[in-house]
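Notes follow the structure.
The values are calculated or read from the model by the stated rules, or taken from the named source; none is laboratory data. Because the structure is predicted, anything quoted here is derived from the model rather than measured. Neighbour counts are summed over all protein chains in view; Cβ atoms, including those assigned to glycine, are modelled from backbone coordinates with ideal geometry. The accessibility values were calculated without ligands, DNA or RNA, using every heavy atom of the protein model including side chains. Shrake-Rupley method; radii C 1.70, N 1.55, O 1.52, S 1.80 Å.
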Amino acid sequence: MIESKSKASFDTVDGKVAIVTGASRGIGRAIAFMYGANGIKVVCAARSKEQGQAVADEICAEGGEAIFIQTDCSSAVQIKKLIDETVEHYGRLDGIVNNAGIGQGGTPLHEYGIEEYEQIFGLNSEGVFAGMKYGAEAILRSHSEGGFLINVASIAGIMPQRGQSLYTATKFGVIGMTKAAALDYAPHNITVNAICPGYTKTSIFGDAPEQAMAFFSQDCPAGRMGEPQECAYLALFLASGMARYITGAAIPVDGALSAGSKNVIQWKHPEILE
Ligand SMILES: NC(=O)c1ccc[n+]([C@@H]2O[C@H](COP(=O)([O-])OP(=O)(O)OC[C@H]3O[C@@H](n4cnc5c(N)ncnc54)[C@H](O)[C@@H]3O)[C@@H](O)[C@H]2O)c1
């Protein structure tokens, strides 16, 4: 007979209240939908009222539960307000996904301006800190039985990227904060993890030329870019009761991009693929 403990289930997320920042597009949007479709009450935080409200409305139209709270995540004051309003609305908080982030790239370090440093650290680092700080406080006050902090970092936080000194620095910092905070909250039943996407098909690439997009697929050992949903599946698992012993981890979702350097190999028996 199969033991009931061996049957995987996401039912444990049902009724949890979670905030997703940067929920209007890309990976954040995919996580918000994944949470909404699986019984989590989602608070969609984004700057754009039109896009953020549309995501919340769509989750509700599909039978989920969601609200939108307009938030500039580079402002600690607005993040505190986001968390206060969430608790006011739902009476509790179980988790926060600090996803909002910007990319910057393509130049050597000396060509970045101080304003660019302040802009990227303001969102990717200070914004994540504020989300973790006020999020952890609210989760502790809620006496959540399955609290979670999830930070969307990057493979740039594992493997420095040429031309991306500032972005790399913010993401290394996020992974450091994730691991240190995991130690702080492990005794209090709050897991703290980082999702590290590789090249993922979102608007973060702006209007990068086709040639650059083709490079991303070729550079990845899996031979393709990732879909935002592939990060969202992990975010759902980390929010579930099945992941309570996973904390302090920085998990790549990257088709082996950060697993090591590519080298030349020759298959002795390529006919296995026929
Ligand atoms: N797409 C990738 O290849 C990739 C790779 C590694 C890491 N990431 C990380 O994933 C996260 C999401 O990025 P994405 O690829 O979905 O990009 P995206 O540009 O499609 O989405 C970013 C989201 O963050 C929001 N945002 C930006 N500034 C904000 C602010 N000040 N306040 C509130 N929201 C703000 C945007 O409105 C948007 O909803 C980022 O932290 C990014 O660094 C992405």
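Okay, residues lined up against (1) open to solvent by 60 Å² or more (accessible area, probe 1.4 Å); (2) not in a loop (DSSP other than H, G, I, E, B):
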site: 169; (1), (2): no, yes
site: 174; (1), (2): no, yes
site: 182; (1), (2): no, yes
site: 191; (1), (2): no, yes
site: 194; (1), (2): no, yes
site: 207; (1), (2): yes, no
site: 248; (1), (2): no, no
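A quick yes/no check of all residues on (1) touching a Cys at 6+ places or on another chain (Cβ under 9 Å); (2) of a type in the set (Gly, Ala, Ser):
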| residue | (1), (2) |
| --- | --- |
| 209 | no, no |
| 212 | no, yes |
| 220 | no, no |
| 246 | no, no |
| 253 | yes, no |
| 261 | no, yes |
| 270 | no, no |
| request: Among the residues of segment 86-130, write down those that are among the small types (Gly, Ala, Ser) and within 15 Å of the ligand (Cβ to nearest atom). | output: 100, 101, 103, 105, 106, 122, 125, 127, 130
| query | If you go through segment 214-265, how many residues are touching a Phe, Trp or Tyr at 6+ places or on another chain (Cβ under 9 Å), β-branched (Val, Ile, Thr) and within 13 Å of the ligand (Cβ to nearest atom)? | reply | 1
| Failed item in (1) surrounded by 19 or more Cβ atoms within 10 Å (Cβ to Cβ); (2) under 12 Å from residue 134 (Cβ atoms); (3) within 13 Å of the ligand (Cβ to nearest atom), with residue 83 passing the rest | (3)
| field | Among residues of segment 134-167, those that are without any contact (Cβ under 8 Å) to a residue 60 or more places away in the chain and either outside any loop (DSSP other than H, G, I, E, B) or among the aromatic types (Phe, Trp, Tyr) (or both), counted | value | 12
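Yes or no, residue by residue, for (1) more than 16 Å from the chain's Cα centre (by Cα); (2) over 26 Å from residue 141 (Cα atoms):
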residue: 24; (1), (2): no, yes
residue: 29; (1), (2): no, yes
residue: 35; (1), (2): no, no
residue: 41; (1), (2): yes, no
residue: 57; (1), (2): yes, yes
residue: 75; (1), (2): yes, no
residue: 95; (1), (2): no, no
| remark: Filtering segment 32-56 for residues that are closer than 12 Å to residue 18 by Cα, within 11 Å of the ligand (Cβ to nearest atom) and either open to solvent by 60 Å² or more (accessible area, probe 1.4 Å) or not small (Gly, Ala, Ser) (or both) leaves a count of 1
